[in-house]
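Just so it is clear, none of the values below were taken in a lab; they were calculated from the coordinates. Predicted, not measured: the structure shown is a model, and the values here were computed from it. FYI the Cβ positions are ideal-geometry reconstructions off the backbone, even for glycines, and counts take in every protein chain you see.
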Amino acid sequence: MTLLAVLAARTTRVGLFPDVASLPLRPPAVLAKSAATLDLLSGGRFDLGLGAGAVWSAIGAFGGPQRSAGEAVAALEEAIGVLRLLWSDERSVHLHGAHYRLDGAHPGPRPSRAIGVWIGAYGPRMLALTGRLADGWLPSAAFLPPDKLGEAQRRVDDAAAAAGRRPDAVRRMYNIGGEITDGTDRGFLQGPVERWVDELSTLVLEAGVDTFVLWAGEPRRRQMEVFAGEVMPAVRAAVPRQRTRLRVPR
């Protein structure tokens, strides 16, 4: 959060969010206040990426709780309730959960707009929670490859519909890694610009992804420049053309 505050002060347009904040190491009431402050400092450019916890031995080494899979999902659901209560305009709020409590807490500071809560989710219960409660979903290709995206997407969509939400109310972000090369083609996101454009456009059209986060290889600056300056403009141009040709709905 300290790094994000520095980035907020040094930028004016880019969106900012942790990808993702580990909930077991961050009390949600304190996280709510930090997030609201960053939203205000950045002029509404902050969203919150949140994870239920992973690598529990490392979490324990820092004094965090050791939770089962079911407990982690339940704690995350309670935490989202804490966050949204403390971002509200209520005078005082209460929440009595198994993992977190609010006893007459006073919300504030109030963010400038509704802060999006994005969840890094993979398992069925986490995907269902994402569909019911989250503003966005952000899996990583390293843990959920493209051929597994479809099934996970359906779980998110079904949970959203069952909760009375439009499935497209949950935005879809994808953490990707790879290497943009001058011509050597070595597999998924390991090749020239044309391969990247084709594969990312397919992810937009067939998997419903609307945002990509690149974990760039070396040389990192050059990879980022090509991704931002060549790959993504070409994807933005290609997707509408292919939607029209294939009659794919938005």
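General remarks:
- Fewest-first ranking of Y122, Y174, using other Cβ atoms within 10 Å as the exposure measure: Y122, Y174
- In this rough spin-label picture, where each label sits 7 Å from Cα along the Cβ direction, the S88-Q242 distance is 4.3 nm.
- Calculated Rg and Dmax of the chain using C-alpha coordinates, Å: 19.3, 61
- A protection proxy built from the mean count of other Cβ atoms within 10 Å ranks the segments 141-152, 78-89, 204-215, 125-136, most packed first, as 125-136, 78-89, 204-215, 141-152.
- Label sites at S112 and A61, each approximated as a point 7 angstrom past Cα along Cα to Cβ, lie 3.9 nm apart.
- Local electrostatic count, L133, Cβ distance below 15 Å [Lys/Arg +1, Asp/Glu -1]: +1
- Our helix-only sum for the chain, with -39,500 (n - 2.57) per DSSP H run of n ≥ 4 divided by its residues, gives a mean residue ellipticity at 222 nm of -14000 deg cm²/dmol.
- Averaging the sequence gap over all C-alpha pairs within less than 8 Å and six or more residues apart, then dividing by the number of residues, gives the chain a relative contact order of 12 percent.
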